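A.B. asks: One structure, as structure tokens, below. Some questions next.
The values are calculated or read from the model by the stated rules, or taken from the named source; none is laboratory data. Predicted model only: the values in this text are computed from it and were never measured. For neighbour counting, all protein chains shown are included, and Cβ atoms are generated from backbone atoms with ideal geometry for every residue, glycine included. With ligands, DNA and RNA removed, areas are computed over all heavy atoms of the protein, side chains included. Shrake-Rupley method; radii C 1.70, N 1.55, O 1.52, S 1.80 Å.
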Amino acid sequence: KISKEAVVSTQSTGGHVGRYRAESIHYNDKILVFGGGNPAAFGDMSDIPVFCTRTNTWSEIKSPSERAPCGRIAHSCNRVGDKVLVIGGQVTKETWMEVHGVRHFVPNTDATSDIWVFDLPTSTWFELPQTLPLEIFFHSGAVGSDGDLYLFGGSRYCQWKDRNGNPRKITKRINKLFKLQMQLPSLLESAWEVLFEHYGHLDQEDFLEMGVPEFLVRRSFVPTIR
């Protein structure tokens, strides 16, 4: 139970512009804030606000990378070792729209499926060649006990055109689960994955009789609630 006295407002110096839908991670004695936005703009990922929990002061990391993720909100942000993975989210893209026969160049909020990695020791960014199968935002990410990164849920945009031919979109909730393999699996894990892929129709007892370790079998079946 958290008492009222345990929740306090921290007085700090050197604060940054207010933002919402930002994500943060903890590294050593610092909290790094990635992305977020306000009605005027989305936060620049080249400049990362940093809060030191030891001194209660703000500073900023300016990445030396020539390329960095575009500003975004509603993305996932997870630390895996000394790397931070920033995935998906809502971004601003510019597009053309025709109004009363006149074409206008306007900013447009859209989703993305890109995967960016921030290296904490060097403060550098690099983009992975892989992308998610869907452009998503408002999803959640967590690192599993196997060291891999799992992403679940969120929203995506569905496109359609109005009677004037202008692109429109609606938001749709999704319940898909994505797994990002962060390291090479052991031979045991690889063998179990292949076995389960080909014989997944068998029940738990069949696998146990084959000699498959119990911890592999139990974690791959959803318990039956009676």
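A.B. asks: For SER65, list long-range residues whose amide hydrogen, built 1.01 Å from N in the peptide plane, is under 5 Å from its own amide hydrogen.
C.D. replies: So SER65 has HN proximity to TRP125.
A.B. asks: While we're here: Filter the trypsin sites (Lys or Arg not before Pro) in the stretch 163-204 down to the DSSP loop ones having no more than 16 other Cβ atoms within 10 Å, then list what survives. Intermediate results must be reported in sequence, preceding the final value.
C.D. replies: Numbers: sites: ARG163, ARG168, LYS169, LYS172, ARG173, LYS176, LYS179; in loops: ARG163, LYS176.
For trypsin sites (Lys or Arg not before Pro) across the stretch 163-204 that sit outside H, G, I, E and B with at most 16 neighbouring Cβ atoms in 10 Å, the list reads ARG163, LYS176.
A.B. asks: For the stretch 42-92, what is the accessible area per residue in Å² when the probe is 1.4 Å?
C.D. replies: Details: 2140 Å² over 51 residues.
Per-residue accessible area for the stretch 42-92 comes out at 42 Å².
A.B. asks: For LYS176, enumerate residues with amide H under 5 Å from its amide H, sequence gap 5+ or separate chain, H modeled in the peptide plane.
C.D. replies: The list, which skips near neighbours in sequence, is GLY153.
A.B. asks: Do any chymotrypsin sites (Phe, Trp or Tyr not before Pro) in the stretch 168-221 lie in a DSSP loop with no more than 14 other beta carbon atoms within 10 Å, and if so, which? Could you put the intermediate results ahead of the total?
C.D. replies: Numbers: sites: PHE178, TRP192, PHE196, TYR199, PHE207, PHE215, PHE221; in loops: PHE221.
Passing both the DSSP loop test and the Cβ count: PHE221.
A.B. asks: Which percent of the accessible area of the stretch 161-226 is formed by carbon and sulfur heavy atoms (probe 1.4 angstrom)?
C.D. replies: About 53 percent, which is the carbon plus sulfur part of the accessible surface.
A.B. asks: While we're on this one: Whole-Hz Karplus ³J(HN,Hα) for the stretch 48-59, in order, using 6.51 cos²θ - 1.76 cosθ + 1.60 and θ = phi - 60°, x for Gly and Pro?
C.D. replies: 10, x, 10, 10, 8, 6, 7, 10, 6, 10, 9, 9
A.B. asks: At q = 0.25 Å⁻¹, what is the log10 ratio I(q)/I(0) for the stretch 138-220, with the Debye formula run over Cα points and no solvent?
C.D. replies: Calculated log10 I(q)/I(0) at the listed q: -1.17.
A.B. asks: Which cross-chain or sequence-distant (5 or more) residues have an amide H under 5 Å from the amide H of VAL80, H modelled 1.01 Å from N in plane?
C.D. replies: Here LEU85 satisfy the definition.
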